[in-house]
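Worksheet: one structure, shown below.
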Amino acid sequence: MSLRESKRLFLIFPGREQWELWSFEEAPQTAKSSAPAKLLLLGSSVAQLLPGHARGAALHVAIPVIHTFVASIVLPEASKSEIVHAAALEAERLGLFEARSADDSVWDWRMAPHETVGDPLGNNRRVTIVALPRQIPEELVVAEASHFSPSFEYLYLGNDGLILWKELGRLIIGVIRRRQMVHAQPLTDGLITPAALNEIRCLHFQMEASGLIEPQTSLSLAGEFSDENVSRLEQQLGLGVTRISSPVPRLPSKALELTPLEVVSAREGRRKNRFRFRVALSVVVIYVTALAVWLGWLYQLDKQVEAGARELEMTSPHAMEAMAITRRWYRLESVLDARRDPVTILKGIVESMPPEGLRMTMYLQKGNDILIEGECRSSLVAVDFSKKLKSLPQLKGVEWMPEIPQPQRNSTMYRFVIKGRMEYASLE
């Protein structure tokens, strides 16, 4: 992934014993260029290296080797998408994802320059995979950072072979092939102890067996190592040991990208918060604009009401007379409406009665209310009678409310009651 260009860059880097903050004047323009670096601060934690003057600039975080998994694998020559898929499967097999899938892990890969690896036709490619563990220290979750890469990406550590350097008090052993770091792992101790010598010896045999290093390779020591340690390494390992000066961090043009998931979540949360703020600000602007328009409308409406009140005051006598005439007309219309005539309603009720099995004992119409009482031989007859009332066209303006027929004492007859209410105005 290409690092973005910037005129001001800061790098939080794991030094030999402490965290370091480096400043770069400008980003590299080519893969071989390196921006001039200047050491600004030393600190025991990352939080101490986040000064206010670094805000607004590009900030890189170098992840220590102790918090990464690095492996080199050999894959058949294929397209980029196929290599990514194959690399993910091989990384899962090696346990680099800690029993997770590639989609749930943070990892990146790099293909080594073309070479023949155990195949005379040269159809195999060597791929280096770097992954983050399931949990990383909370101090490395720096949401302000724009790039997260392994620490060895920011170092030029010499020629091919084994390299030993120190990082935050821990010894780190790495393997360089064709000027690329193809393997790196922390040692148990921070000093050249028998346990550290055994770990280096085992790694040497393992890398030689896998073809990553030549049998007569050398061991480079980056940084300050005593003459006693150099002699001890030469005697115990049987390798040629050379010392190189402690490298100054540089900015590569391309680096492996290992942005922690927690940082991605924090960035997404900030993005959502900014979006909510913009939405809230837009709502406030719309509300203020709508309020201003509404107040203007109210002002105009008030003016119109005042003008209408003046006009009404002038026409009030005529309007009152027209309203009185209207009320009188409405009263007369209700009287003239034939649908309200009791005889018309009673006629419709009689027409709805069955020829036998039911007789009406009382009919009462008072205002809007109608009451029908009668006797029937069966409750079903009364139910059919109420249904006919509801379906009669001339009685559509009446809402019928039949009650459940009740059997009479000492008789086989049922007493029914049907109430009705006219929807239009009363004749009273």
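The values are calculated or read from the model by the stated rules, or taken from the named source; none is laboratory data. Treat the numbers as computed from the prediction; the structure is a model and nothing was measured. No Cβ is skipped: glycine too gets one built from the backbone with ideal geometry, and neighbour counts run over all protein chains shown. Quick note on the areas: whole protein, heavy atoms, side chains included, nothing else; ligands and nucleic acids left out. Shrake-Rupley method; radii C 1.70, N 1.55, O 1.52, S 1.80 Å.
The table below gives the values:
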item: Test: residue in the range 133-147 that is under 27 Å from Gly269 (Cβ atoms), modelled with pLDDT under 90, open to solvent by less than 30 Å² (accessible area, probe 1.4 Å) and assigned to a strand (DSSP E or B); result: yes
item: Some residue of the range 325-332 being more than 60 Å from the chain's Cα centre (by Cα) and among the aliphatic types (A, V, I, L, M); result: yes
item: Enumeration of residues in the range 246-299 that are open to solvent by 70 Å² or more (accessible area, probe 1.4 Å), of a type in the set (D, E, K, R) and more than 19 Å from the chain's Cα centre (by Cα); result: Lys254
item: Long-range neighbours under 9 Å by Cβ, at least six apart or interchain, first residue closer than 20 Å to Ser231 by Cβ and open to solvent by 20 Å² or more (accessible area, probe 1.4 Å) within the range 193-207, second modelled with pLDDT of 90 or more and not hydrophobic (A, V, I, L, M, F, W, C); result: Glu199/Gln185
item: Candidate set from the range 376-403 (those that are over 16 Å from Thr361 (Cβ atoms) and in a strand (DSSP E or B)); member that is most open to solvent (accessible area, probe 1.4 Å); result: Glu399
item: Of residues in the range 404-428 being within 30 Å of Arg327 (Cα to Cα) and assigned to a strand (DSSP E or B), the one modelled with the lowest pLDDT; result: Met422
item: The range 385-407 residues that are in contact (Cβ under 8 Å) with a residue 24 or more places away in the chain, paired with ones that are open to solvent by 60 Å² or more (accessible area, probe 1.4 Å) and of a type in the set (Ser, Thr, Tyr) (beta carbon under 6 Å, 6 or more apart); result: Pro405/Tyr414
item: Residue count for the range 212-245, restricted to those that are surrounded by fewer than 14 Cβ atoms within 10 Å (Cβ to Cβ), out of contact with any strand residue (DSSP E or B) (no Cβ under 6 Å at 6 or more places or on another chain) and under 20 Å from Asn159 (Cα atoms); result: 6
item: Evaluation of Gly190 against (1) within 30 Å of Gly43 (Cβ to Cβ); (2) touching a residue at least 40 places away in the same chain (Cβ under 8 Å) (one fails), failing number; result: (2)
item: Hits in the range 64-81 (condition: out of contact with any helix residue (DSSP H, G or I) (no Cβ under 6 Å at 6 or more places or on another chain) and small (Gly, Ala, Ser)); result: Ser72, Ala78, Ser79, Ser81
item: Near pairs, Cβ below 8 angstrom, 6+ apart or cross-chain, from the range 244-256 (more than 21 Å from Val70 (Cβ to Cβ) and of a type in the set (A, V, I, L, M, F, W, C)) to any residue that is assigned to a strand (DSSP E or B) and modelled with pLDDT under 85; result: Val248/Ala37
item: Leading residue by the ranking (farthest from Leu258 (Cα to Cα)) among those in the range 52-104 that are among the β-branched types (Val, Ile, Thr) and assigned to a helix (DSSP H, G or I); result: Ile83
item: Strands (runs of 3 or more DSSP E) lying entirely in the range 164-255 (those with 1 or more residues that are farther than 25 Å from Val130 by Cα); result: 240-244
